[in-house]
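For reference, the structure is listed below as structure tokens.
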Amino acid sequence: MKRAVLALPLLLACGAVSFAQQLGPNEAVTAHYDVTSSAGQQDAQAVANELEAFFGLFNSYFHFDPSSLSYKLAVRIFQSKKEFDGYLSGIVPGTRGTFVFLQYQDPTRSELLGFHQQPDDSTFTVSLLHHGFVQFLRSFVSQPPLWLQEGFAVYFESSEYDATKGEAIFHPNLGWVPTLKDAANRYLSTKDSSAIIPLASLLSMDASGANAELSSFYPESWALVSFLEESDQKAYNRVLWDAISSLGPSSTVAENSAAIQKRAFSWISETQLGSDFAAYIQSVKTFPELIADGTQAYASGDLARAAKDFDGAIALDEKSDVPYYYLGLIKYAGRDYYQAEHYFQAALQAGGDPGLVNYALGINAYADNRIDDAKTFLGLALASNSPDYKDKASFLLSQIAKQSAQ
């Protein structure tokens with residue numbers, strides 16, 4: 001499942017030159033952001049472009065009116081954690097381990113602070129997404145309910161930015177699924193009330209309450225957002241939309257929470273919601289679970305079930321070669337040699353073992369009576385560093401040679 005959103009145009013052409021002259025040496029401005037980076041203007045521009053694309057992704061769910069913002073969202077990125085701590089120490093006591101959104105009563109003073117982590121900056125986009133969403137939401141709704149804010153922030157965390165296309169691409173974030181399933185199973189087996197946060201408490205929970213139950217708060221907030229957004233029952237999709245449309249830009253957290261409970265949740269049976277929510281949690285599968293279930297189904301001969309699992313795995317991680325390879329085997333078993341080759345080639349492009357996959361391509365082409373293609377693929381398998389498939393490819397090539405000589 002993906003949702004791609006193009007970044008909005010950065011500047012109107014007629015004003016680009018005169019406006020650029022006003023920018024600082026480490027600053028970049030887009031339609032909705034003003035980004036400064038101690039790493040330089042190029043980094044500031046890259047971050048600004050990324051945030052602009054994510055702004056579009058966020059708003060494809062919330063449908064706020066961007067023209068209601070009379071200012072650009074300020075973002076300040078530091079080249080190191082040390083610089084970040086030094087800047088932040090002059091504003092608030094203590095240090096922070098991740099990005100911080102500083103919100104003031106005057107929204108034009110608010111800013112998102114972040115930093116690059118050297119030498120491994122792999123978590124930068126995750127932090128930018130999470131806290132960038134918080135900044136986005138609070139720029140339109142100054143005090144949203146915490147479950148909605150953090151639930152969506154976690155919901156978006158696995159999305160990515162394609163710089164070549166200028167696109168923000170949504171990917172489901174299933175990192176909390178194992179934790180949530182364990183908590184749900186513990187509650188069902190022991191009735192331990194501490195295992196989960198009751199829905200009514202979650203909907204009205206404040207920062208102090210969330211901090212006291214962090215291990216439950218984050219997975220449940222994510223799960224509630226995911227359930228309401230992804231449910232195939234339109235009534236629950238409507239609950240989420242009613243919750244969003246109930247938000248008052250200048251209302252307090254308590255007022256927004258009360259409005260959501262009254263408008264969005266009051267007409268839904270709490271018992272039915274709880275039952276459907278629990279069923280949804282149990283139905284969500286992570287990538288490893290889908291691969292395990294798919295391989296088991298394939299081994300047992302249930303190819304339709306296996307194909308469904310592997311298709312689901314690709315939706316979560318299109319960069320893994322495993323589901324493509326198995327889908328190739330499934331298509332081969334159904335004598336759909338054209339589609340089988342398509343999936344085997346996709347497995348190769350995703351980094352699959354050249355010996356294994358070229359051998360599979362060779363067998364597939366041989367079954368399709370494309371002898372020259374079979375020889376080519378088997379030759380590639382033979383040239384690989386995989387001893388098992390070198391021997392198999394060599395044997396099949398010898399058989400082809402014997403048949404050709406007859």
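The values are calculated or read from the model by the stated rules, or taken from the named source; none is laboratory data. No experiment lies behind these values; they were computed from the predicted model shown. Virtual Cβ from ideal backbone geometry, glycine too; neighbours counted across all protein chains shown. To get the accessible areas, we keep the full protein, side chains included, count just its heavy atoms, and leave off ligands, DNA and RNA. Shrake-Rupley method; radii C 1.70, N 1.55, O 1.52, S 1.80 Å.
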Task: Filtered residue count, the range 27-67, keeping only those that are without any contact (Cβ under 8 Å) to a residue 12 or more places away in the chain and part of a helix (DSSP H, G or I) - done: 2
Task: Number of the exception - Ile197 against (1) at pLDDT 95 or above; (2) outside any helix (DSSP H, G or I); (3) buried (at least 20 other Cβ atoms within 10 Å of the Cβ) - done: (1)
Open item on the list: Just to be sure I understand, how many residues within the range 210-224 are of a type outside the set (S, T, N, Q), open to solvent by 20 Å² or more (accessible area, probe 1.4 Å) and assigned to a helix (DSSP H, G or I)?
Closed with: 3
Task: Odd one out for Ser142 among (1) within 19 Å of Ser250 (Cα to Cα); (2) in a helix (DSSP H, G or I); (3) among the polar types (S, T, N, Q) - done: (2)
Open item on the list: List pairs: first residue in the range 82-104 and under 19 Å from Ala39 (Cβ atoms) and open to solvent by 40 Å² or more (accessible area, probe 1.4 Å), second residue part of a helix (DSSP H, G or I) and of a type in the set (Ser, Thr, Tyr) anywhere in the structure, Cβ distance under 8 angstrom, at least six positions apart or on different chains.
Closed with: Thr98/Ser127
TODO: For the range 113-131, state whether one or more residues are open to solvent by 40 Å² or more (accessible area, probe 1.4 Å) and assigned to a helix (DSSP H, G or I).
DONE: yes
TODO: Could you tell me which numbered condition Lys72 fails, if it satisfies all but one of (1) at pLDDT 90 or above; (2) out of contact with any Lys or Arg (no Cβ under 8 Å at 6 or more places or on another chain); (3) open to solvent by less than 70 Å² (accessible area, probe 1.4 Å); (4) not polar (S, T, N, Q)?
DONE: (3)
Task: Filter result for Pro219 (in contact with a Phe, Trp or Tyr (Cβ under 7 Å, 6 or more places away or on another chain), at pLDDT 85 or above, within 16 Å of Ser283 (Cβ to Cβ) and not aromatic (Phe, Trp, Tyr)) - done: yes
